Amino acid sequence: MAAPASWETVIGLETHVQLRTASKMFCGCSAAFGAPPNTNVCPVCLGLPGALPMANGLALQLAVRAALALGCTVHSRSVFARKNYFYPDLPKGYQISQFEQPLATEGSLSYLSPDRGIATATIQRLHVEEDAGKSLHDRFPKHTAIDLNRCGVPLVEIVTGPDFRSPQEARAYLLTLKQVLEYAAVSDCDMEKGSLRVDANVSVRRVGRPELGTKTEVKNINSFAYVEKALTVEHDRQIALLEGGGTVEQQTLLYDAKTNSVRPQRAKEASHDYRYFPDPDLPPLVLREEFIAEQQALLPELPAKKRERFVEKYALSVTDAAVLTADRSVADYYEAVVHAGADAKAAANWVMTEVLADAKDHADGLRVPAGALANLIGLVRGGTLSHQAAKRVFGEVADHGGEPRNVAEALGLIQVADTGVVTGWVSEVLVSHPTEVARYRSGETKLLQFFLGQVMKLSRGKADPKLAQRVLEEKLVA
Amino acid sequence: MSVTHDEVLKIARLAELDVSEEALPLLAEQMSRILEYVAQINAVPASEGVKPFVPGPDALRFRADEVKPIPLAFGPEALAPAFKDGFFLVPKLGAFEGADS
């Protein structure tokens, strides 16, 4: 009997992204993260009788920008609907969302799949909604604690098709999505603060079968590291169930990072169970063509385009361009260094090594001004500073500021290109190492590097290495 | 259009309401009448130039993104039966039973 075909995973993602606004979606409460519990609440977001929603204009601008950045069609007319369900962190008993007529549909996002190379995820829809409050289950025994500060914070929900074939692909898509949304400046996408949250629909099927298996929804995935783990756990659970002769039940599961397992939350409700209907307090959202065009014009160059341009304009490798464009502020910084006069390739090397390493240690801060880095690179290129000395100057400028040349002079790191001085150092080194000189002269010419190292050591890095090498060669031949 | 007792029970479960067996016939009849009324309204030929009346503006108006909360007449603690350390308290939710034990 032939072995059964292996399993294929099918994953679709629903990503909730908090929009970067000062106030909530439908009221004037602060949307800031981290306030004491239940201090950013008012009659509107608490759902008190008679309170009416007023839509946040900036939230809608940002939502349109997000949709355009993902290549979606933004509809001139969309409708807010009430999604009815009962949960203690939803005081109104319904969430204001969009259902039949969402803000935007039919987008796509290309990403680098670890399995298939460049792949494209379909964005089925992007709609605007308000966030629910937060339930804390481990704060008090026998009780769940509810914080409603998050209630009403503006969100977009971005729904993909069932396009991903592995947990690794799902993660790669999410990282690309985060990058695009950060570039578009619509959200800070900080998973630790909950401003980007992911729910995943997961099913498995035999390879080659066209129909989809029964899906489950995995919630509570709150870090990029957990995306792969949670989806792998669920994929393995479904395969074990099916191979054991069981069936997969359609349900919502919560991922528990502590135990790396999933557990049922509630029987999955179908969309009709939410009893969606148009919110009678909110007229349709009607967007003029000019409004949409304005938002399009406000979008910056997005990462994929920027990568291509960096390769073409600065003659960088695709890998280097990808590193430099991963973060918009780093890409802008790199270009500022080049515009300040630095060689493009040298600037790329400095940014990818010293600058990013320093940023990592200092809360992503780019501490050396672009102009100063360009000057520093110029000093190395002109032979005024050795590369090693320049790294030291970079650290000093980052810590204490100052112009690289002044700092280098103050530290005594300016390279000495005076032939007389360098010849003095060379002579001293050769006198101190007669055995090595004899070996060199009997044919062991690779010792030249040893002598050069000794000269640099003696001069405390100040000797111009090219001049030192030339003098060494002359003296050793003599 | 008639609503079954099972459908009434399902709606009750979704609304977190406890409905007794005795109440089912009356609720089913009332819900059926509501749906019949909606069906009657749906039968109006809306495609023939009939525009639904919508109170208020035709399109959503935007407000500026400013933090201007409407003050509460009472603190949140006055709005809930159980409140501790700034949090509203509710009985432990089912899926998390034992999470802190």
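The values are calculated or read from the model by the stated rules, or taken from the named source; none is laboratory data. Just so it is clear, the model here is predicted, and its values are computed rather than measured. Using ideal geometry, Cβ is built from the backbone for each residue, glycine included, and neighbour counts are taken over all protein chains shown. With ligands, DNA and RNA removed, areas are computed over all heavy atoms of the protein, side chains included. Shrake-Rupley method; radii C 1.70, N 1.55, O 1.52, S 1.80 Å.
Below are the figures for this structure:
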| item | result |
| --- | --- |
| Residue check, A:Ala417 surrounded by fewer than 18 Cβ atoms within 10 Å (Cβ to Cβ), more than 22 Å from A:Ala342 (Cα to Cα) and either touching a residue at least 40 places away in the same chain (Cβ under 8 Å) or of a type in the set (Lys, Arg) (or both) | yes |
| Qualifying residue in the stretch A:78-88 (condition: within 24 Å of B:Ala59 (Cα to Cα), polar (S, T, N, Q), within 14 Å of chain B (Cβ to nearest Cβ) and open to solvent by less than 10 Å² (accessible area, probe 1.4 Å)) | yes |
| Selection count where residues are assigned to a helix (DSSP H, G or I), at pLDDT 90 or above and more than 7 Å from chain A (Cβ to nearest Cβ), scope the stretch B:53-101 | 2 |
| Selected residue (only one of A:Ala185, A:Ala172, A:Ala132 is of a type in the set (A, V, I, L, M) and out of contact with any strand residue (DSSP E or B) (no Cβ under 9 Å at 6 or more places or on another chain)) | A:Ala185 |
| Residue that is assigned to a loop (DSSP other than H, G, I, E, B), facing another protein chain (nearest Cβ under 8 Å) and open to solvent by 20 Å² or more (accessible area, probe 1.4 Å), where the choices are A:Pro49, A:Pro43 | A:Pro43 |
| Residues that are assigned to a strand (DSSP E or B) and either open to solvent by 20 Å² or more (accessible area, probe 1.4 Å) or among the hydroxyl-bearing types (Ser, Thr, Tyr) (or both), drawn from the stretch A:10-40 | A:Glu14, A:Thr15, A:His16, A:Gln18, A:Ser23, A:Ser30 |
| Residue in the stretch A:29-42 that is within 20 Å of A:Val286 (Cα to Cα) and out of contact with any strand residue (DSSP E or B) (no Cβ under 6 Å at 6 or more places or on another chain) present | no |
| Single condition A:Trp7 does not satisfy, out of (1) among the aromatic types (Phe, Trp, Tyr); (2) open to solvent by 50 Å² or more (accessible area, probe 1.4 Å); (3) at the interface with chain B (Cβ under 8 Å from one of its Cβ atoms) | (3) |
| Identity of the residue in the stretch A:99-112, touching a residue at least 60 places away in the same chain (Cβ under 8 Å) and open to solvent by less than 10 Å² (accessible area, probe 1.4 Å), that ends up farthest from A:Arg275 (Cα to Cα) | A:Tyr111 |
| Test result for A:Ala200, part of a helix (DSSP H, G or I) and either open to solvent by 40 Å² or more (accessible area, probe 1.4 Å) or touching a strand residue (DSSP E or B) at 6+ places or on another chain (Cβ under 7 Å) (or both) | no |
| The listed residue being in the same structural domain as A:Leu181 (by TED's automatic domain parsing), outside any helix (DSSP H, G or I) and within 30 Å of A:Ala51 (Cα to Cα), out of A:Asp281, A:Asp273 | A:Asp281 |
| The lone exception for A:Gly117 - which of (1) more than 12 Å from every other protein chain (Cβ to nearest Cβ); (2) in contact with a His (Cβ under 6 Å, 6 or more places away or on another chain); (3) more than 13 Å from A:Pro278 (Cα to Cα); (4) not hydroxyl-bearing (Ser, Thr, Tyr) it fails | (2) |
